[in-house]
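The structure appears right after this line, and notes come after that.
The values are calculated or read from the model by the stated rules, or taken from the named source; none is laboratory data. Just so it is clear, the model here is predicted, and its values are computed rather than measured. We place every Cβ from the backbone using ideal geometry, glycine too, and count neighbours over all the protein chains shown. Ligands, DNA and RNA are stripped out before the accessible areas are found, and what is left, the full protein with its side chains, is counted by its heavy atoms. Shrake-Rupley method; radii C 1.70, N 1.55, O 1.52, S 1.80 Å.
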Amino acid sequence: MSVMTTTLRDFLKTLRLSGMLETLDARLTQAQQGELGHLDFLQVLCHDEITRREGVALERRLRKAKFEQQATLEGFDFNASPKLPAAQIRDLAALRWLHSGESVILFGPVRVGQTHVAQALGHQAVRQGANVRFAKTSRILAELAGGHADRTWDRRMRELIRPDLLILDDFAMRQLSASQADDLYELVSERQGRSLIITSNRAPSDWYPLFPNPVVAESLLDRLINSSHQVIMNGPSYRPNKRPKGPAEPPAK
């Protein structure tokens, strides 16, 4: 290794351009073989650094999203259920609703793939640079309840307001307490103009009786439902199709 190359490596380390360091030897070989001119060499090295930084940022956003699984629409088997609105879901993957601050409601029977599609749309948003948070609705309500107990409610609420997209999985599973209903009202109100994805096994019209205060229910749900893209997901269970296949059973005698 020449003194010049060693010095260049030291400079790149000082400038924290490790993406260039990782590919420097390969790019130097290309330059020495005449495949890259001076400007080409610099441009390719810069592109290597940009690619590395984009990859690091993507991984960081994926970790912060806290997905249960790295689900993607590319990995979703629409053929498993011809009744699913594949065209509507693929249209949502363009994320025009996210850029407009609108929301998405995915609802239908248990296990038809709402959670997979919700996380896949979230994954798509992360790939486009958005900050996303995924959580079970019960978990969110527990976090906010803990905030009331230890006086960190404001901080916890700010953390839920901050993401460009918040995914509330398994919404409206059971009757809400007055405190839970108030917390949901505050969360949705404070996120006005920021997108939500909600998955539920109940139709939105069936959510109202779960709120102890009809006024809170009307104010919250009318605002949420009327500004959301609603996707009815129906069909056979999707989860069995994702289970690994075991050894074949011996034929019956």
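Keeping the other protein chains in place, figure out the carbon and sulfur percent of the accessible area of the range 144-215, with a 1.4 Å probe. Please report the intermediate quantities before stating the final value.
On the way: 1740 of 3600 Å².
So the carbon and sulfur contribution to the accessible surface is 48 percent.
Given charges of +1 on the Cβ of Lys and Arg and -1 on the Cβ of Asp and Glu, with all other atoms neutral, how large is the dipole of the range 47-88 about its Cα centre, in debye to the nearest 20?
280 debye
Between the helical axis of 18-32 and the dominant principal axis of the chain, each derived from Cα atoms, what acute angle in degrees is found, rounded to the nearest 10?
Between the helix axis and the principal axis of the chain, the angle is about 40 degrees.
So who's got an amide H within less than 5 Å of the one on Val104, skipping anything under 5 residues away but keeping other chains? H placed 1.01 Å off N, in plane.
The list, which skips near neighbours in sequence, is Leu196, Ile197, Ile198, His229.
Between the alpha-carbon centers of the range 163-182 and the range 5-60, tell me the distance in whole angstrom.
Result: 47 Å between the Cα centres.
Along the charge dipole of the chain, which of Gln70, Leu45, Val104 sits closest to the positive end, that is, farthest toward it, with unit charges on the beta carbon of Lys, Arg, Asp and Glu (+1, +1, -1, -1)?
Gln70
Would you calculate the separation in nanometres between label points at Asn213 and Arg16, each defined as 7 Å from the Cα along the Cα-to-beta-carbon direction?
Here the answer is 4.6 nm between the modelled labels.
Skip the ligands, DNA and RNA, and give the accessible area per residue of the range 1-72 with a 1.4 Å probe, whole Å².
Numbers: 5280 Å² over 72 residues.
That works out to 73 Å² per residue.
With all protein chains present and a 1.4 Å probe, how do Glu49, Glu102 order by accessible area, largest first?
Greatest to least solvent exposure: Glu102, Glu49.
Can you list the aspartates and glutamates whose alpha carbon is less than 20 Å from that of Lys83, not counting same-chain residues fewer than 8 positions off?
Hits, sequence-local ones excluded: Glu74, Asp91.
Using θ = phi - 60° and the Karplus curve 6.51 cos²θ - 1.76 cosθ + 1.60, what whole-Hz ³J(HN,Hα) does each residue of the range 86-100 get, with Gly and Pro shown as x?
4, 5, 5, 5, 5, 5, 5, 5, 6, 6, 4, 4, 5, 5, 9
For the chain, what does -39500 (n - 2.57) per DSSP helix run (n ≥ 4), summed and divided by total residues, give at 222 nm, in deg cm²/dmol to the nearest 500?
That comes out to -16000 deg cm²/dmol.
Please work out how much length the chain gains when fully extended from Leu39 to Ser189, using 0.36 nm per residue of separation minus the C-alpha to C-alpha distance, in nm with one decimal.
That works out to 48.8 nm of additional length.
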